[in-house]
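Undergrad: Take a look at the following structure, please.
The values are calculated or read from the model by the stated rules, or taken from the named source; none is laboratory data. It should be emphasised that the depicted structure is a prediction, and the values quoted were computed from it without experimental measurement. Cβ sites come from the backbone with ideal geometry, for glycine too, and all protein chains shown count toward neighbours.
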Amino acid sequence: MIKNFYYLVLIIFPICILGQNKDSIKTYQLSDIVISATRTEASIKELANSITIIDSTEIKRRNKTTVFDLLKDEYGISFTQEGGANKLASIYTRGSNSNHTLVLIDGIEVNMPSDPGNSYDFSSLTPDNVERIEVLRGPQSTLYGSNAMAGVINIITKKGSGLPKFLFSGEGGSYGTYRGVAGINGSIDMFNYSVTLSRFKTVGFSSASSRYGNTEKDGSDNNNLTSRFGLDLTENLSFNLFYRFSKGSSDYDQWGGLHGDDPTYVYNMEESVLRGETELSLFGDIWKQILGVSFFRNLRKYSFDSTTYNPYSSRSLYDGQRVKFDWQNNIQVNNWNLITMGLESESEEANSEYYYGSYLSLFPDNKAYTTGLYLQDQIKVQNNFFATLGVRFDKHNRFGEVTTYRIAPAYIIPETGTKFKFTYGTAFHSPSLFDLYDPAFGNILLRPERNKGWDAGIEQSFYNTKLSFGITYFNNQFENLFGSDSAYKTINIDRAETYGVELFTTAEVTSRIKFKFNYTYTKAIELAGPENGLPLLRRPTNRVNLILYYVINDKFNALGELVYVGKRDDMNYSSYTPIRVTLPSYGIVNLSATYTVFSNLDIYGRVDNLFNTYYEEIYGYGTPGLSGYLGFKVNF
C-alpha cells in the first residue's frame, strides 16, 4: 500500500507542474486561518496538518439541521447513528474508535466523563450560532492531551459586532418534523453578544428498521441555548464568556432488527457547557496569554418496561462532569519563530445507576485528576519551509505519567502553489472513570491506550486556487486498547492498525458552478484477540462524497450532494450470540435550493435521499427514506 501511494505521488506531481500554463502559475497565497492545529491563529496553507474548515457560508447554504450532518461529507470521516434524529450519533476519524476523537466547543472539551469510553454523542449538536467547524486529523495529544488519539473536531461560535442583528428561521417537513431558531448578535461599545435559541421536534420513524417488521414511530425533541458574551476593555485585554445548554428526549428501540420495537423505551438528556476566559497581550503583542476555566456536565437517563419480547424492565442514570483550568502563553520570538507554552489541570467526576430486572449495578461517585504541560515551537523559513514541533507531559492520579510528542514540517513551492507535508505524532487515551472504578468491570491497573501515527501528502492549486486537490497517506498503530477478560473485566489487550489514503478536489468551473469531491480509502484491522486479522466494525473501506454548487442567478442557488459508503462489517446483537455480518454499500443523493425573496428573507427547500434508497448505518437500525423539508430565514 505504501509503495502504491508513492508511485501515485510520483505520477501526479510532474503532471501537476507540467500541466500548468503561464497564466496559471501564480505566487503562493495564504488562505483560511485555523486555530485547532497549533492553538494559535495559523494559515491553513502553512500547516502540514490534514485539516478542513466548514465556514459560516458553507453552513448557511447547506441547510443542515445538525453538525453531524455537516461532518458526514468530510474526508477521513465515517459515521453511524442509531435510528434517526436525536439518536446516538458517532464519528470515527481515520478508522479509529469514536472515543478517539476529541470534540471542542469554544475550547471546552465535551467528551462525556460518564460514558464508559469518554466518547461524544453528536445527535443533539445543532449548527445554531456556529461560525466555523475545524476538522483536524491525526494524533493530537501533544496539544490536547487525552481523547485526541486520532483527531480533533473544533466548533467555534459567532462573535457579535456592530448594530443588533436578528435571526428567525423555521423549517418543517417529513416525519412530522419542525424546527425553529431565533437569535440576536451585535456589540455596544466594549461589549459584544451573541445568543441563539432553537427547538427541534419530530414524530420520526421506527428506530429499529421497518424492514424487520417494526412499525412503532420513535419521535424526539430537543431544545438548545447557545450564547457568547465578550468585553474588550482595551486592545490588549478582553474577557469572554461562553454558555451552551441542551435538553431533549427521544424514543428508542431494543438493539434493532427483528422484534426491536419498544414503545416504552425513553431517553432523556441535559447538557451544560460553560467557559470563562481572559486574553491578555503584553510588550507590543510579543507575549499573549489566555487564562480560562471550563465546566461541562452531561446527565442521561434511560428507561423501559417489560414487553412481549423483552421480559424485564430497566432504569439507568449516568451523570458526569468535568472542570478544567488552562493557561496558554504565546511568545513571538521574531517574525519566523512562535513559541507556545501551556498548563492544564482537569478534574473528572461521574456516577451511574443501572437496574435491569432484579439485577442492580451501582457505580459510586468517583474522580480522576490530570495535569498537563505542553511546549510547541512554530518555525518559518523564507516563506518556503514551515514546521511545528511539540512535546507534552501529563500526569494522571491513577495510572501515572505519559509523554507525547509531534513533528509537522511542510515545504511549499510558491511559484507553483505546491505543498509537500508530513506529520508524525504520538497520542494517548486515558481510561474512563467507568473503566477504572466500576465495581464489576473496572480495573485500577489499566494503562492508557496509545497511538503512533503519521501521514504524508501533496497539495496542489491552479489558477489562483480556483482548482486545488490534495492526496495524503496515513497510518496509525494503536496499542494497549481496552478489551475484556473472561470475567468481562476491562484489560489492556487489543492492538489495531488503520491506514489509507485521503483525496480531495475543489474546483470553480465557472462563476456559477463549483464542486467539492473527496474519496477516502481506509483499512482498519484488529491485531489481537479472537478478532485478530478481522476488520474493525462499522468502518467502510471506501467512501466518496461529491457536492455540486450551482448559482442560477443573483437570487436563486442550488446544490446536489452524493454520499457513497462502501461495505463494512457489523454485529447482529438481536440474537443471544452476536453474529458478524456485512452491511452492503449504498449511495444516496440529497438536493437543496435557496431563493432570496428580499435582501433579508430567504426561503429554501431540501430533499434528502432522493431515490428512496434503503440502507443501514448500523445493523438492524432504521434510516430516513425519501424526505422533503421547506424553511425560511429572516435576517434584519
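Undergrad: Looking at 619, 629, 604, can you tell me which residue is of a type outside the set (Asp, Glu), in contact (Cβ under 8 Å) with a residue 24 or more places away in the chain and more than 18 Å from residue 177 (Cβ to Cβ)?
TA: Result: 619 is the single residue among 619, 629, 604 that is of a type outside the set (Asp, Glu), in contact (Cβ under 8 Å) with a residue 24 or more places away in the chain and more than 18 Å from residue 177 (Cβ to Cβ).
Undergrad: If residue 444 satisfies all but one of (1) surrounded by 19 or more Cβ atoms within 10 Å (Cβ to Cβ); (2) closer than 21 Å to residue 145 by Cβ; (3) not polar (S, T, N, Q), what's the number of the condition it fails?
TA: Unmet condition: (1).
Undergrad: Sticking with this one: Taking the condition in contact (Cβ under 8 Å) with a residue 24 or more places away in the chain, of a type outside the set (Val, Ile, Thr), surrounded by fewer than 16 Cβ atoms within 10 Å (Cβ to Cβ) and out of contact with any strand residue (DSSP E or B) (no Cβ under 7 Å at 6 or more places or on another chain), does residue 335 pass?
TA: yes
Undergrad: Turning to a different aspect of this structure: Take the conditions closer than 18 Å to residue 455 by Cα and either modelled with pLDDT under 95 or assigned to a strand (DSSP E or B) (or both) and apply them to residue 474. Does it pass?
TA: When the stated conditions are applied, residue 474 passes them.
Undergrad: Would you mind telling me which numbered condition in (1) under 30 Å from residue 314 (Cα atoms); (2) touching a residue at least 60 places away in the same chain (Cβ under 8 Å); (3) not in a loop (DSSP other than H, G, I, E, B) residue 230 fails?
TA: It is condition (1) that residue 230 fails.
Undergrad: For residue 379, all conditions in the list (1) surrounded by 16 or more Cβ atoms within 10 Å (Cβ to Cβ); (2) assigned to a strand (DSSP E or B); (3) over 25 Å from the mean Cα position of the chain (by Cα) hold save one; what is the number of the exception?
TA: (1)
Undergrad: Only residues that are over 11 Å from residue 426 (Cβ atoms) and within 25 Å of the chain's Cα centre (by Cα): list them for segment 394-408, please.
TA: 394, 408
Residue-wise test of (1) out of contact with any helix residue (DSSP H, G or I) (no Cβ under 9 Å at 6 or more places or on another chain); (2) closer than 23 Å to residue 337 by Cα; (3) at pLDDT below 95; (4) of a type outside the set (D, E, K, R).
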| residue | (1), (2), (3), (4) |
| --- | --- |
| 363 | no, no, yes, yes |
| 368 | no, no, no, yes |
| 373 | yes, yes, no, yes |
| 391 | no, yes, no, yes |
| 400 | yes, no, yes, yes |
| 407 | yes, yes, no, yes |
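Undergrad: Take the residues in segment 267-309 that are under 19 Å from residue 361 (Cα atoms) and polar (S, T, N, Q); name whichever of them is farthest from the chain's Cα centre (by Cα).
TA: Result: 306.
Undergrad: Pick from 511, 486, 468: which is surrounded by 15 or more Cβ atoms within 10 Å (Cβ to Cβ) and either touching a residue at least 60 places away in the same chain (Cβ under 8 Å) or of a type outside the set (Lys, Arg) (or both)?
TA: Among 511, 486, 468, only 468 is surrounded by 15 or more Cβ atoms within 10 Å (Cβ to Cβ) and either touching a residue at least 60 places away in the same chain (Cβ under 8 Å) or of a type outside the set (Lys, Arg) (or both).
Undergrad: Still on this structure: Look through segment 169-214, keep the residues that are aliphatic (A, V, I, L, M) and crowded, with 21+ Cβ neighbours inside 10 Å, and return whichever of them is modelled with the highest pLDDT.
TA: Top of the filtered list is 181.
Undergrad: Hey, any hits in segment 414-432 for a residue that's surrounded by fewer than 18 Cβ atoms within 10 Å (Cβ to Cβ) and touching a Pro at 6+ places or on another chain (Cβ under 8 Å)?
TA: yes
Undergrad: I'd like the residue in segment 179-197 that is of a type outside the set (A, V, I, L, M, F, W, C) and under 25 Å from the mean Cα position of the chain (by Cα) and, out of all such residues, is nearest to residue 241 (Cα to Cα).
TA: So, considering only residues that are of a type outside the set (A, V, I, L, M, F, W, C) and under 25 Å from the mean Cα position of the chain (by Cα), the one nearest to residue 241 (Cα to Cα) is 194.
Undergrad: Considering each of 111, 118, 86, 129 in turn, give the residue that is surrounded by 24 or more Cβ atoms within 10 Å (Cβ to Cβ), modelled with pLDDT under 95 and over 24 Å from residue 202 (Cβ atoms).
TA: Exactly one of 111, 118, 86, 129 is surrounded by 24 or more Cβ atoms within 10 Å (Cβ to Cβ), modelled with pLDDT under 95 and over 24 Å from residue 202 (Cβ atoms), namely 118.
Undergrad: Right, something else. Tell me, yes or no, whether segment 563-578 has at least one residue that is among the polar types (S, T, N, Q), at positive phi and free of Cβ contacts under 8 Å to residues at least 24 places away in the same chain.
TA: no
Undergrad: Only residues that are assigned to a strand (DSSP E or B) and either in contact with a Phe, Trp or Tyr (Cβ under 6 Å, 6 or more places away or on another chain) or without any contact (Cβ under 8 Å) to a residue 12 or more places away in the chain (or both): list them for segment 79-102, please.
TA: 89, 91, 102
Undergrad: Considering only residues that are surrounded by fewer than 24 Cβ atoms within 10 Å (Cβ to Cβ) and at positive phi, which ones fall in segment 48-83?
TA: Residue satisfying the conditions is 63 alone.
Undergrad: Tally the residues that are free of Cβ contacts under 8 Å to residues at least 60 places away in the same chain and of a type outside the set (Val, Ile, Thr), restricting the search to segment 388-422.
TA: 11
Undergrad: Among 599, 592, 574, which is the only one that is of a type outside the set (Asp, Glu), at pLDDT below 95 and touching a helix residue (DSSP H, G or I) at 6+ places or on another chain (Cβ under 9 Å)?
TA: 574
Undergrad: Then there is this: Among 483, 500, which is the only one that is more than 22 Å from residue 120 (Cα to Cα) and not in a loop (DSSP other than H, G, I, E, B)?
TA: 500
Undergrad: Let me ask you something else. Residue check: is residue 250 over 30 Å from residue 291 (Cα atoms) and surrounded by 15 or more Cβ atoms within 10 Å (Cβ to Cβ)?
TA: So residue 250 passes the test.
Undergrad: Next up: Restricting to segment 48-73, name every residue that is out of contact with any Asp or Glu (no Cβ under 7 Å at 6 or more places or on another chain) and under 17 Å from residue 499 (Cα atoms).
TA: 49
Undergrad: May I pose another question? Report whether or not residue 292 is at pLDDT below 95 and either in contact with an Asp or Glu (Cβ under 9 Å, 6 or more places away or on another chain) or part of a strand (DSSP E or B) (or both).
TA: no
Undergrad: Quick one: which strands (runs of 3 or more DSSP E) lie wholly within segment 518-636 and hold at least 2 residues that are buried (at least 17 other Cβ atoms within 10 Å of the Cβ)?
TA: 542-551, 556-565, 568-572, 586-598, 601-608, 627-635
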